[in-house]
Amino acid sequence: MENTQLEKILKNYQYQDFNLLAILQDIQAIENYLPRGTLEELAKRLDLPLARIYKLATFYRAFSLTPRGRHLVTVCTGTACHVRGAALILDTLERELEIKPGETTPDREYTLETVNCLGSCALAPLLIIDSKYHGKMLGTKALSLLKGEEKDVSEGS
Amino acid sequence: MSEKELVRFKIDGLEVEAERGSMLLPVALDYGFEIPHLCHHEAVSPYGACRLCLVEVTKNGRTRMTTSCTYPVEDVIEVSTDTDQIRRARRLLLELLLARSSRAELIQRVAKEAGVTETRFKAVDDDCILCGLCERVCREVVEANAISFVNRGDRKEVAPPFWDPMACIACGACVYICPTDCIKMEEKGDERTIVRWKRTLKMQKCKSCGKPFAPLFQLNWIIDKASLPKDFYDVCPVCKQMG
């Protein structure tokens, strides 16, 4: 992240360290992850120990310390989705993208993740691509969604 | 400072008094009550991680079990340090601790005193019980802020940021305070290593006796923090005393 960009975020939060969480969220929103260099720069500018920033950044799942893909593919593995075959969908996606949950494809196109319930159990099993919900998912449907995600074929939910 | 305000309450029937704002565990220990504890140390703030210092606190006729190290003393409470319920809870905790850190002598001893010799849980043998003493001493006392808790839940551990111990001054405070001895320090020649954090630093040689006595990085750090003269640590403390 450019230093000027970081400066703008910090200015927004009056350089107050109690706004650290919000600052991290803003960095993540721009970069899609928290780059180490940016965190080190942040520690310097706020005069905070890097250990404290790192503690916060690793505590919340919303943050990622590794680069994420252009598309975020999330499989719900909550109880209802699990019963309705979320594991199969996850398997299919793992095989297709050749990554495990939490990882990103080498071309930085896709990041695969799991979530433990989104409260939309009536739609189980649920697949979310770039924050668009796709219910009643099947492995094959997931693959075609993935391939045709540019021209979204589903009605969503 | 305003005058110290005292509160009076009872521990196992004994009338005790303590300064308002102090925590129950150090007060009880001062009065000679034996309460096992692993994550408490007078030098750092209370944290309530090991939960071994459980007591029962009765207030307004209601009794509840709580960790005494994080319970601020109050007027008219009644504290029981040794009831069947506490013993049962403590035994379970000790079984869990044994499963996690079976090699730690202190845990073995505390467990034995409570009548626990084996655990029904699967052994992990991590040695670190996540008591947070090292992290607190590094942050609050040394103020080096080299290590912190990272991750969460079953992946929680104490570590330097990005596993790069660049802020560690290898002072050994974490080595000293660790209740399970899982942080080791080694000195070879003129190098000191904190094994767990993978931090190796070159040590300053004393200009008088020639023996290496402390990491250079640490001494410069102290000189910087305390605005000491640059040659303050040219000779080791032993030679300094004699000279």
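Laboratory data are not the source of any read-out in this text; all were calculated from the coordinates shown. Predicted, not measured: the structure shown is a model, and the values here were computed from it. Because the Cβ atoms are built from the backbone with ideal geometry, glycine has one as well, and the counts that use them run over all protein chains shown.
By the rule of a C-alpha distance below 30 Å, with chain neighbours fewer than 8 residues away ignored, the lysines paired with residue B:198 are A:44, A:55, A:100, B:122, B:156, B:184, B:188, B:207, B:211, B:225, B:230.
The three principal axes of the Cα atoms in the range B:133-242 give end-to-end lengths of 51, 29, 23 Å, sorted in falling order. The simple spin-label model puts a point 7 Å past each Cα toward its Cβ; for residue B:141 and residue B:208 those points are separated by 2.6 nm.
Among B:230, B:112, B:198, the residue with the largest mean-square fluctuation in a Gaussian network model of chain B, with springs joining Cα atoms closer than 10 Å, is B:230. So for chain B, what percent of the C-alpha to C-alpha distances run longer than 23 Å? Of all Cα-Cα distances in chain B, 60 percent exceed 23 Å.
Put in line by how crowded their Cβ is, counting other Cβ atoms within 10 Å and starting with the fewest, B:221, B:197, B:163 read B:163, B:221, B:197. Using a Cα-Cα cut-off of under 16 Å, which lysines could be cross-linked to residue B:10, ignoring same-chain neighbours fewer than 8 residues away? List returned: B:59. Our summary gives chain A a relative contact order of 18 percent, counting only alpha carbon pairs under 8 angstrom and 6 or more residues apart.
With 0.36 nm allotted per residue and the present C-alpha distance subtracted, the residue A:16-residue A:140 stretch has 39.7 nm of extension available. Springs between Cα atoms under 10 Å define the GNM used for chain A, and in it the highest mean-square fluctuation of A:72, A:126, A:20 occurs at A:20.
Here the residues B:37, A:82, ranked from fewest to most Cβ neighbours within 10 Å of their Cβ, fall in the order A:82, B:37.
For the Cα trace of the range B:6-113, dividing Rg by the Kirkwood Rh returns an Rg/Rh value of 0.98. On full extension, the segment bounded by residue A:25 and residue A:108 gains 27.8 nm, given 0.36 nm per residue less the C-alpha separation. In this rough spin-label picture, where each label sits 7 Å from Cα along the Cβ direction, the residue B:15-residue A:45 distance is 6.1 nm. Here the sum of -39500 (n - 2.57) over DSSP H runs of 4 or more residues, divided by the residues of chain B, equals -6500 deg cm²/dmol at 222 nm, to the nearest 500. Exposure proxy ranking for B:147, A:9, B:222, B:169, based on other Cβ atoms within 10 angstrom of each Cβ and starting from the fewest, stands as B:222, A:9, B:169, B:147. Label positions at residue B:75 and residue B:122, each projected 7 Å from the Cα along the C-beta direction, are separated by 5.3 nm. For chain B, the relative contact order works out to 12 percent when only alpha carbon pairs closer than 8 Å and six or more residues apart are counted. Spatially, the range B:168-218 and the range B:22-54 are offset by 29 Å when compared through their Cα centroids. With the convex hull drawn around the C-alpha atoms of chain A, the volume per residue stands at 129 Å³.
With a Förster radius of 25 Å applied to the C-beta separation of residue A:2 and residue A:147, the computed FRET efficiency comes to 0.10. Stokes-Einstein diffusion of the protein assembly as shown at 4 °C, 1.567 mPa s viscosity, Kirkwood radius from Cα pairs, rounded to a whole number: 51 µm²/s.
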